[in-house]
Amino acid sequence: MRASRILILAVALLIAQLLTAQKVRPKIGVALSGGGAKGLAHIGILKAIDSAGIKVDYITGTSMGSIIGGLYAAGYSAAELEKIARKADWDEVLSNQSSLRAIVMEEKEEYSKYAVELPWVNNGFKLPSGVVEGEELWLKFSELFFPVYNIKDFSKFSIPFKCITTDIETGEAVVIDTGEIITAVRASMAIPSVFTAIEHNGKRLIDGGVARNFPVRDVREMGADFVIGSRVATGLLPKEKVNNALQILMQIAFFKEAATSKDDIAQCDIYVPMPLEDYTAGSFGRANELLEYGLEQGRKLYPRFKALADSLNSIYGDQYIEKNRLPKVDSIFISEIEVNGLKETTKDFFEHMMGFEVGRYYNSLKIGRMVRRVFGTRYYNRIVYALDPMPNGAVKIVFDVVENPATFAKLGLNYNNFTGISLIGNLTSRNLFLPHSRSMVTVNVGENFRTRAEHLQYLGRGKRVALILGTQYDKIDISTYNNFRVDGVYRTQLFKADTRFEFSANRKFTVGAGTRFEWVNYKPGIRTAFEIEGKNEYVTTYGYFAVNTLNKAVYPERGIKIEGEAGWIYNQSPKVLFFSNGIPVTDPDSTEISYNDYHRATLNAEVYTPLSRKMNFSVMFQGGINFGYNRSILNDFIVGGLTKTIRNQVLFGGLEENSINSSGVAALQVGLRYEMYNNFYLMGKANGLVNEFIDFEDQLQKPTFLSGYAVGFAYNFALGPLEISAMYSDQTKKIRSYINLGIPF
């Protein structure tokens, strides 16, 4: 340690001697490499630099280094960057999705449901240039860089800054030091095949790490006399670790970088290697670990940095270091708006759905909320904005919009104990028949066949009223149970047609009314001692409401979801026979089926709340009642299972689907979910249920209370959630397994 301090002092003195004649204090430069999530470790080095009292005169960065370096140059201290990194919801920021709360009510059920979504462009399905467009990433950058919205020359930041990108056409490095800082850093981190490429000044740019991952020469060219270089890249992987297609692609992409980094390392006066072999570029789930690693390295380097600062101060005198470099900008007055890129939608629609009005003051958070609001219509793939200062002190906001293609083909995979394995295909097209509409067809092909078609038409300028027309056909085999034991199989068919109007006051609440026709047919597939065979058809006129404030469609951390419906069922036309050991039962008292009309009400409510950063608590209530049902059949509530797969289903941990049929059900379930690792969960559920609790004197079953439990693991990945659970019911005294992969039809 003593020797290293002497060496640093000697180097500083040598530089000082060369510059003393000109009485010029040596300029300190910092270069930050790329490395994805590993780049968070740079913050620890910057924090040590701040603590030592070194004034940084120039800074360069590539990829994640450009984000950290750009924010530091703009005026954030290293301590502030640490707080930002620790609070960030990396799953949301780096996902290809917006928060579910920003999505319009009519779209929430379909949002983020499919593993693959391919746009139809120029008479063919097109693969994107990267998996992640990153709307939330754009908005986060816009929020963080808002205080320097009026600085378009990066040399005018509190610390002059440059970032490195790569021209996808030539493979050459492109240095960006002017323009929109948000576009610059987003281009610098566009990892090939992961993030989409960025158009900038007529070039298509990708991650700067492909051409120059460690931009030491660039900070030298800016005028740095003494360079501190922090490098988190591991270089090329050994052949035994290159074992999948993505790793091969990344290895090839960084061949050139590996060759140039040797020269850049040699140009560093203080070189800080942080290879971090146990982490990858995508290890954002271990962000705190990476921050701690960087902080520890910074603590080790602090004596060297302090020696450098002290030696320079002893020669040139103490140097003033501004503590609060970030400009204070609370809000801006926006007097003009410009929207570029609109083709299928209008500027009026864009502004109205966003709720934007000129002649008002806005801050970055409010603008971000408005952008998420219009992005939530799902008409847009990317919305970014720039703020241009006007001569009168006001600001012009310029939106650059990339619309979603009108048509998408979507694919998903689902496996469930109950429905078996299925490939789910969906074709969604917007404005196919009329403007401001969405039409879609979904097909489930596998052990069971299901298909659904729907047309949604927005009405009025406010787009808060929608007409929804839908139809569905299911052909599913359903196991039947006697005393909780499988005793047969029914081959069921369902057809329904539905028309409804709904009004959505906001992104959280909707109310509506409609009428649907349903036809249900049951036929025994395996003969049992007691059977029902036949069909029923009926019409339901109903009103409904829904509330959804969940932050995610899958494994939400917070929010509520409530769905309620009350209806009048009429025009029944049942044709049903009962069989006992294959012989028709003719006793009128036991086979008479009611043709009476009856009322029906359902209520499902879910509440999620975080107990800690890793622990989540949930409560779910499910209730349904057929009033005056009187032996009407084929519209019972079906109890069992952990995943919604069929109509009228009431989830119950401990029983398989269709273990009990009931005309009246009330169930309460509580759950705990703990995130052991990133997207890997341990889950536990306990539930109780009461069935046949109203008008039971006319029912085939008497009121009963059931209790059950489920414990399992879950992993949320590209194909959707994978859940493996063990279930137990106090009434059956048996442990059952349950598996579900993906989001069901």
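The values are calculated or read from the model by the stated rules, or taken from the named source; none is laboratory data. Please read all numbers here as calculations on a predicted model, not as lab measurements. Neighbour counts run over all protein chains shown; Cβ positions are idealised from the backbone, glycine included. Keep in mind that these areas ignore ligands, DNA and RNA; they rest on the heavy atoms of the full protein, side chains included. Shrake-Rupley method; radii C 1.70, N 1.55, O 1.52, S 1.80 Å.
Please work out the FRET efficiency for the pair PHE449 and LEU469, using the Cβ-Cβ distance as r and a Förster radius of 22 Å; give the result to the nearest 0.05.
0.50
Rank PRO26, PHE617, ALA79 by how far each Cα sits towards the positive end of the charge dipole of the chain (+1 on Lys, Arg Cβ; -1 on Asp, Glu Cβ) and give me just the farthest.
Comparing the listed Cα positions along the dipole, PRO26 ranks first.
Spin-label point model (7 Å from Cα, Cβ direction): what's the TYR677 to ARG86 distance in nm?
2.5 nm
Subtracting the Cα-Cα distance from 0.36 nm times the residue separation, let me have the gained length for ARG204 to GLU143 in nm, one decimal.
The span from ARG204 to GLU143 would gain 19.5 nm if fully extended.
Apply the Karplus parameterisation 6.51 cos²θ - 1.76 cosθ + 1.60, with θ equal to phi minus 60°, to every residue of region 99-114 and state each ³J(HN,Hα) to the nearest whole Hz, in sequence, with x for glycine and proline.
In residue order, the calculated couplings are 4, 4, 5, 7, 7, 4, 4, 5, 10, 4, 5, 8, 6, 6, 8, 10 Hz.
Considering only DSSP states other than H, G, I, E and B, which trypsin sites (Lys or Arg not before Pro) in region 112-192 qualify as loop sites with at most 13 other Cβ atoms within 10 Å?
LYS126
With a probe of 1.4 Å, find how much accessible area the chain has per residue, and write the answer as a whole number in Å².
44 Å²
Reachable aspartates and glutamates from LYS27, Cα under 13 Å, same-chain residues fewer than 8 places away excluded?
ASP57, GLU221, ASP225, ASP269
Cα convex hull of region 415-532: how many Å³ per residue?
Considering the Cα atoms of region 415-532, their hull volume per residue is 148 Å³.
Given the options GLN731, MET354, THR60, identify the residue whose Cα lies farthest towards the positive end of the charge dipole of the chain (+1 on Cβ of Lys, Arg; -1 on Cβ of Asp, Glu).
THR60
Viscosity 0.890 mPa s, temperature 25 °C: what is the translational diffusion coefficient of region 448-591 from Stokes-Einstein with a Kirkwood Rh over Cα pairs, rounded to a whole number of µm²/s?
Rounded to a whole number, D works out at 134 µm²/s.
Under a plain spin-label model, where a point goes 7 Å from the Cα along Cα-to-Cβ, how far apart in nm are ARG558 and LEU432?
Here the answer is 3.8 nm between the modelled labels.
Could you sort the peptides 387-400, 540-553 by per-residue average Cβ neighbour count (10 Å cutoff), highest mean leading?
In descending order of packing, they fall as 540-553, 387-400.
Just grab the label-to-label distance for ARG382 and LEU722, each label 7 Å out from Cα along the Cβ direction, in nm (one decimal).
3.2 nm
Please compute the Kirkwood hydrodynamic radius of region 312-393 from all pairs of different C-alpha atoms, in Å with one decimal.
15.8 Å
List the residues whose amide H sits under 5 Å from the amide H of GLN731, counting only those 5 or more places along or on another chain, with H placed 1.01 Å from N in the peptide plane.
The list, which skips near neighbours in sequence, is SER707.
Please give the charge dipole size of the chain, origin at the Cα centre, charges +1 on K and R Cβ atoms and -1 on D and E Cβ atoms. Round to the nearest 20 debye.
It comes to approximately 1500 debye.
For the chain, build the charge dipole from Cβ charges (+1 Lys, Arg; -1 Asp, Glu) around the Cα centre, then report which of VAL174, ILE103, TYR271 sits farthest towards its positive end.
My answer, from the dipole projection, is TYR271.
What whole-number volume per residue, in cubic angstrom, does the convex hull of the C-alpha atoms of region 596-671 give?
Enclosed volume per residue, from the Cα hull, is 85 Å³.
Mind checking region 273-323 for GluC sites (Glu not before Pro) that DSSP puts in a loop (not H, G, I, E or B) and that have at most 15 other Cβ atoms within 10 Å?
Filter output for region 273-323: GLU277, GLU322.
For region 103-201, what is the convex hull (Cα atoms) projected area averaged across all directions, in square nanometres?
8.9 nm²
Straight-line reach only, C-alpha to C-alpha below 20 angstrom: list the aspartates and glutamates that LYS396 could link to, leaving out same-chain residues fewer than 8 apart.
GLU143, ASP153, GLU180, ASP330, GLU336, GLU338, ASP348, GLU351, GLU357, ASP388
Past 18 Å, Cα to Cα: identify those pairs from LYS87/LYS152; LYS83/LYS552; LYS108/LYS508; LYS108/LYS463; LYS113/LYS366, in the order given. Can you show the working numbers first?
Values: LYS87/LYS152 28 Å; LYS83/LYS552 24 Å; LYS108/LYS508 10 Å; LYS108/LYS463 16 Å; LYS113/LYS366 28 Å.
Beyond 18 Å: LYS87/LYS152; LYS83/LYS552; LYS113/LYS366.
Just order 485-497, 720-732 by mean Cβ neighbour count inside 10 Å, highest at the front, would you?
Descending mean neighbour count gives 720-732, 485-497.
Sorted from largest to smallest, which semi-axis lengths in Å does the alpha carbon gyration tensor of region 47-137 give for its equivalent ellipsoid, taking the root of 5 times each eigenvalue?
38, 18, 9
Antiparallel versus total DSSP beta bridges in the chain: what percent is that, nearest 5?
On the way: 213 of 240 bridges.
So the antiparallel bridges amount to about 90 percent of the total.
At 1.4 Å probe size, what's the solvent-accessible area of LEU611? Round to the nearest 10 Å².
For LEU611, the solvent-accessible surface is approximately 110 Å².
When the accessible area of region 635-745 is split by element with a 1.4 Å probe, what percent falls to carbon and sulfur?
65 percent
If you average 1/r over every pair of different alpha-carbon atoms in the chain and take one over that average, what Kirkwood value in Å do you get?
This gives a value of 29.4 Å.
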